[in-house]
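The values are calculated or read from the model by the stated rules, or taken from the named source; none is laboratory data. Keep in mind it's a predicted model, so treat the numbers as computed, not measured. Quick reminder, even Gly has a Cβ in these numbers, built from the backbone with ideal geometry, and neighbours come from all protein chains shown. To get the accessible areas, we keep the full protein, side chains included, count just its heavy atoms, and leave off ligands, DNA and RNA. Shrake-Rupley method; radii C 1.70, N 1.55, O 1.52, S 1.80 Å.
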Amino acid sequence: GDHLLSLIEGTLDVARIEGGKLRLEPAPMRLRESLQQIARLFELQARAQGIAFAAEIDAHAPELVRADPKRLRQILINLLGNAVKFTREGRVVFRLRWAREIAHFEIEDTGPGMPPDEVAKVFEPFARGSAAGQGGSAGTGLGLTIAKMLSELMGGEMTVESHPGRGTLFRVRLFLPELHSDALPAAAAAPRT
């Protein structure tokens, strides 16, 4: 039932994006705080799986940017989830480099990697690599398709490099304009205790 629900929701997301019906909801987003929350989540999962996890967030990245927080999280959680799920030994590294309001995200793993024919089709709907059958977890084959489409909808790009037996590196480049704390509503601007 859960698998079918995921499949239906994923298919609807693809249809909405392709049909121009999915609208981004840009808002002020606490970038570094959000990325640290995501990193903590996957650090726990990686530790439970016996692999290392490192988050390398550029010290020059701003605290506050304009983005669609839900969709940015969706992209990163999909990529990190796959990296942790398919990496049996070694590590997963989550990086953010920041330059001129461009966020360069990298998710690198030491998982099984993919041969060139799989890399060529990795963003196609329902494409599942050979590692998917070994992971013991059923995915829909839509996560990477949706993540790439969302990256492009946000005016960015997503690429992948992979080498069998050595791992995979996904890169996402997005324009995330820096905002200042006066862009937040008064209640949201107050520091949390």
For a quick check of understanding: with a 1.4 angstrom probe and all protein chains in place, what accessible area in square angstrom does HIS60 have, to the nearest ten?
150 Å²
Provide the gained length on full extension for the span ARG166 to LYS121, in nm with one decimal, where the gain is 0.36 nm per separating residue minus the Cα-Cα distance.
14.3 nm
Report, by chain and number, residues whose modeled amide H sits under 5 Å from the one on ALA27, excluding near sequence neighbours (fewer than 5 apart, same chain).
ALA67, ASP68
Approximate spin-label separation ALA59-GLN37, in nm, with each point projected 7 Å along Cα-to-Cβ:
2.6 nm
ALA48 and GLU157 label points (each 7 Å along its Cα→Cβ direction) are spaced in nm at 3.7 nm
Counting Lys +1, Arg +1, Asp -1, Glu -1, what net charge surrounds ALA99 among other residues with beta carbon under 11 Å of its beta carbon?
+1
For ARG97, solvent-accessible area (1.4 Å; no DNA, RNA or ligand), Å²
120 Å²
Classify region 65-115: rounded, prolate or oblate, from the alpha-carbon gyration tensor (a ≥ b ≥ c, eigenvalue square roots; a/c under 1.5 rounded; otherwise prolate if a/b is larger than b/c)?
prolate
Please enumerate, by chain and number, the lysines with C-alpha under 29 Å from the C-alpha of LYS85, excluding those fewer than 8 residues away in the same chain.
LYS70, LYS121, LYS148
For MET149, what charge total do you get from the other residues with a beta carbon under 9 Å from its beta carbon, if Lys and Arg give +1 and Asp and Glu give -1?
-2
Can you send over the solvent-accessible area of ARG47, 1.4 Å probe, protein chains only, in Å² to the nearest 10?
150 Å²
Can you run phi through the Karplus equation (6.51, -1.76, 1.60; θ = phi - 60°) for region 56-73 and list ³J(HN,Hα) in whole Hz, with x for Gly and Pro?
10, 9, 3, 5, 8, 5, x, 6, 10, 9, 9, 7, 9, x, 4, 6, 4, 4
